[in-house]
Ligand code: 7TS
């Protein structure tokens, strides 16, 4: 594909930074197309993990000693770096969590505590289970109602149906920025404005967008934005909840314990200020610091070029796959990126995934934690190739040959 050769960013140089991509599995060069599940890590992050545990390991926010003070400074510097990248107003708005799931559960538990029986929460039909189940649990606990915006067959949220569901009863709308199964990029900025018109708050599930585009929380005007570190080239077990400061201030703590308190007596406890009010116990210190390193890494990448490159990868993969007999691409939204999901008549996605694996190609198969979406399409699951900026057109060509070979074996 010659169109890609003129891109202002150099995929070969980028790949050099990711040692995991330079390995063989079953004697074949690894082709890693499971970035929707987790991304590989650049050398900068790998070195930082090693360095932290070799030289800096200490608990934070409590030690007078040198190592503790240094770890505290680095952890807080990571928070500030993330704040700047997201264009949040204050580092008090950046809460470290375990990941997207943890961030959503934090909001469901804490913000959810401020809601009254009869209030409504809106999600969409393409949400990941982690943006469905916490709201169901909250609705059950508090007597709230969960409303679901339907989608069309292309995999786009029906905006007129969304407008019909919005009312004074709506207290929160929680929507994925990019669908992990379909690749649809949702028009969240417009959706946020519509929610605010009825006085509702808006949570963006950014698990699949933070690694593909620049996020500006003030421009979006979202109330909450959650993501996982491991999908944005950082470690597992760390993530971020961004929340508007005045809102976070009003919300009760999520978990109780060390670090989140101002004063404890047996009669009464007062809570720490933001962001610590929401960070009980020893946090994932190495994770926070190394997520900061992952952000340092992505700051060096031109994200406008990333968007062009990833869209070209997804478009090229779709074009070639469409020529396969009996293959259906699931999700054909006008605004779509980084993911190509498909099903093949009479073949189970798992069988295709297993044969691709034996040829060195990592894809995900199954329902991708979006079972209601699979029910909508009346399929048990899909084969999903999900791309990152280090993937190439040559890898897609190799993937297509491997798929052809797999289908021949299954005939
Ligand atoms: N929301 C979306 C849109 C996701 O894609 C995922 C993970 C999550 C939430 C949960 O993130 P976690 O880091 O807390 O687990 N999605 C996937 C996936 O598509 N394949 O594996 C994990």
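Quick note: the coordinates plus some simple rules give every number you see, no bench work behind them. All values reported here derive from a predicted model rather than from experimental measurement. Quick reminder, even Gly has a Cβ in these numbers, built from the backbone with ideal geometry, and neighbours come from all protein chains shown.
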*Gain upon complete extension [residue 57, residue 137; 0.36 nm per residue less C-alpha separation]*: 25.0 nm
*How many percent of the alpha carbon pairs in the chain exceed a separation of 34 Å?*
33
*Can you work out the FRET efficiency for the pair residue 264 and residue 376, with r the C-beta to C-beta distance and R0 = 60 Å, to the nearest 0.05?*
0.75
_Length released on extending from residue 324 to residue 345, taking residue separation times 0.36 nm less the Cα-Cα span_ = 6.5 nm
*Arrange the peptides 205-218, 371-384 so that the one whose residues have, on average, the most other Cβ atoms within 10 Å appears first.*
205-218, 371-384
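Among 251, 126, rank each residue by its count of other Cβ atoms within 10 Å, from fewest to most, as a rough exposure measure.
Final ranking by Cβ density, sparse to dense: 251, 126.
Sorted by packing (mean other beta-carbon atoms within 10 Å per residue), highest first, where do 272-280, 147-155 land?
Going by the mean number of other Cβ atoms within 10 Å, highest first, we get 272-280, 147-155.
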*Taking only DSSP H segments of four or more residues, each worth -39500 (n - 2.57), what value at 222 nm results for the chain once the sum is divided by all its residues, to the nearest 500 deg cm²/dmol?*
-11000 deg cm²/dmol
*Restricting to the stretch 46-298, what percent of DSSP beta bridges are antiparallel, rounded to 5?*
45
_Could you tell me how far the Cα centroid of the stretch 56-117 sits from the Cα centroid of the stretch 202-273, in Å?_
6
*Nitroxide proxy distance, nm - points 7 Å out along Cα→Cβ at residue 15 and residue 282*: 4.1
*Mind checking the full-extension length gain between residue 37 and residue 405? Use 0.36 nm per residue of separation minus the Cα-Cα distance, one decimal, nm.*
130.0 nm
_If I build a Gaussian network model for the chain, linking alpha-carbon pairs within less than 10 angstrom, which residue out of 337, 282, 370 has the largest mean-square fluctuation?_
282
_Peptide ranges 87-97, 313-323, 254-264 listed from the most packed, as the mean C-beta count within 10 angstrom indicates_ = 87-97, 313-323, 254-264
*How far apart, in nm, are the 7 Å Cα→Cβ label points at residue 163 and residue 25?*
4.6
*Over the stretch 46-298, calculate the relative contact order: mean separation of alpha carbon pairs under 8 Å at least 6 apart, over the residue count, as a percent.*
24
*asked:* From zero outward in steps of 10 Å, how is the percent of C-alpha pairs of the stretch 116-247 spread across the bins?
replied: 12, 44, 36, 8, 0
*How big is the stretch 77-187 by the Kirkwood estimate over distinct Cα pairs, in Å?*
15.4
*the stretch 196-322 - share of DSSP beta bridges that are antiparallel (%, nearest 5)*: 75
